[in-house]
Amino acid sequence: MTRPPFEPPTDAEVAVVSQQLGRPARGVIGIAARCVCGNPTVVATHPRLPDGTPFPTLYYLSHPGATAAMSTLEATSVMPELAALLADGEIADAYRRAHEEYLADRAGIEEVPEIAGFSAGGMPERVKCLHALAAHALAAGPGVNPIGD
């Protein structure tokens, strides 16, 4: 199931995301997930930034609390534990499907040859960036990305 197209963000939403990130938001094409108060938690970013740079991270975690939580998890050496889950055939298969859905979501916006086959967070073979995996899980919903969940 592909998710694009996204409803374009309002200027106010882009301003909130810029504040969350501490820098101007670039290439935001929609809000893919929101926190309970309605603020952006995950933004959808165009696969090619306005300056032409390929950008493979379609789902980008923007909420400061969520990004801090993922940073804390990464700092506590949880990555090897999560990577070990990929030894389970069912989890590995689900993770590969998550990778394929991520690619399909991005292709639904634009095909960018420079990033073809690359999704985010190390999918489908590794666990590399919890920020990207959590963003995908929040955007796609429960049960799509087993490591992001």
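The values are calculated or read from the model by the stated rules, or taken from the named source; none is laboratory data. Note that this is a predicted model, so its numbers are computed, not measured. Glycine gets a Cβ as well: all are built from the backbone with ideal geometry, and neighbour counts include every protein chain shown. Just so you know, the surface numbers come from the protein's heavy atoms only, side chains and all, with ligands and any DNA or RNA stripped out. Shrake-Rupley method; radii C 1.70, N 1.55, O 1.52, S 1.80 Å.
Quick check for me: using +1 on Lys/Arg Cβ and -1 on Asp/Glu Cβ, what's the dipole size of the chain about its Cα centre, in debye to the nearest 20? Can you show the working numbers first?
On the way: 10 positive and 17 negative charges, 62 e Å.
The dipole of the chain has a size of about 300 debye.
Report, in whole Å, the centroid distance computed from the Cα atoms of the stretch 23-51 and the stretch 70-145.
Computed from Cα coordinates, the inter-centre distance equals 18 Å.
Give me the percent of accessible area attributable to carbon and sulfur for the chain, probe 1.4 angstrom. Walk me through the intermediate numbers first.
Details: 4360 of 7660 Å².
Answer for the chain: carbon and sulfur cover 57 percent of the accessible area.
Pick out, from S119, P64, Y95, the residue whose Cα sits farthest towards the positive end of the charge dipole of the chain, with +1 on the Cβ of Lys and Arg and -1 on the Cβ of Asp and Glu.
P64
Tell me what the chain gives for mean residue ellipticity at 222 nm when only DSSP H runs of n ≥ 4 count, each as -39,500 (n - 2.57), the sum divided by the residue total, rounded to 500 deg cm²/dmol. Could you put the intermediate results ahead of the total?
Details: 5 runs with 59 residues, N = 149.
Rounded to the nearest 500, it is -12000 deg cm²/dmol.
Give me the 1.4 Å probe accessible area per residue for the chain, excluding ligands and nucleic acids, in Å². All intermediate terms of the calculation are to be shown ahead of the outcome.
Numbers: 7660 Å² over 149 residues.
Heavy-atom accessible area per residue stands at 51 Å².
What is the local net charge at L130, summed over the other residues whose Cβ is closer than 13 Å to its Cβ (Lys, Arg +1; Asp, Glu -1)?
Values: positive: R126, K128; negative: E74, E81, D149.
Neighbourhood net charge equals -1.
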